[in-house]
Amino acid sequence: AETKFNSCVFVYNYPKDIKAFYMRDNDADGGETVNAMDLLVPGVGELVGGSQREDRLDVLLAKMETLDLDPEDYWWYLDLRKFGSVPHAGYGLGFERLVCYVTGVENIREAIAFPRYP
């Protein structure tokens with residue numbers, strides 16, 4: 001963000017190969033990308049990240065098979081889809097990164113709210 005645009009930048013529709021298996025594929029491009037986004041901030045990096053989750057059980061199982069993931073290891077996650085799911089998404093904001101961005105603190109260790117001990 002700081003070298004190309006010198007400002008905050010939203011990046012979206014990431015290639016699916018670099019994102020988690022549970023992110024929903026974009027149907028518009030044949031599943032080459034996933035419905036995900038990040039807010040990149042100069043000097044900090046990713047401040048906010050989010051994605052739509054895959055709510056279709058058959059697609060989720062196919063992705064797991066492609067990535068050689070054992071469905072038994074994810075039984076609880078698959079049950080959430082098997083017994084009813086709706087299209088949904090999630091995101092997260094890095095609080096310490098936000099503190100760095102707002103205050104100008106360069107080292108994230110100085111923005112953590114808990115004391116550090118040797």
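The values are calculated or read from the model by the stated rules, or taken from the named source; none is laboratory data. As the structure is a computational prediction, the values presented were derived from the model and not from experiment. For neighbour counting, all protein chains shown are included, and Cβ atoms are generated from backbone atoms with ideal geometry for every residue, glycine included. Note: areas computed on protein heavy atoms with side chains; ligands, DNA, RNA excluded. Shrake-Rupley method; radii C 1.70, N 1.55, O 1.52, S 1.80 Å.
What the table shows:
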| read-out | value |
| --- | --- |
| Region 103-114, subset closer than 15 Å to GLY45 by Cβ and of a type in the set (A, V, I, L, M, F, W, C), residue least open to solvent (accessible area, probe 1.4 Å) | ALA111 |
| Test: GLY43 is in contact (Cβ under 8 Å) with a residue 24 or more places away in the chain, within 26 Å of PHE95 (Cα to Cα) and not in a loop (DSSP other than H, G, I, E, B) | no |
| Boolean, VAL34 is hydrophobic (A, V, I, L, M, F, W, C), surrounded by 13 or more Cβ atoms within 10 Å (Cβ to Cβ), closer than 23 Å to PRO71 by Cα and modelled with pLDDT of 95 or more | yes |
| Residues of region 49-96 satisfying the condition of being part of a loop (DSSP other than H, G, I, E, B), out of contact with any strand residue (DSSP E or B) (no Cβ under 9 Å at 6 or more places or on another chain) and surrounded by fewer than 11 Cβ atoms within 10 Å (Cβ to Cβ) | LEU67, ASP68, ASP70, PHE83, GLY84, VAL86 |
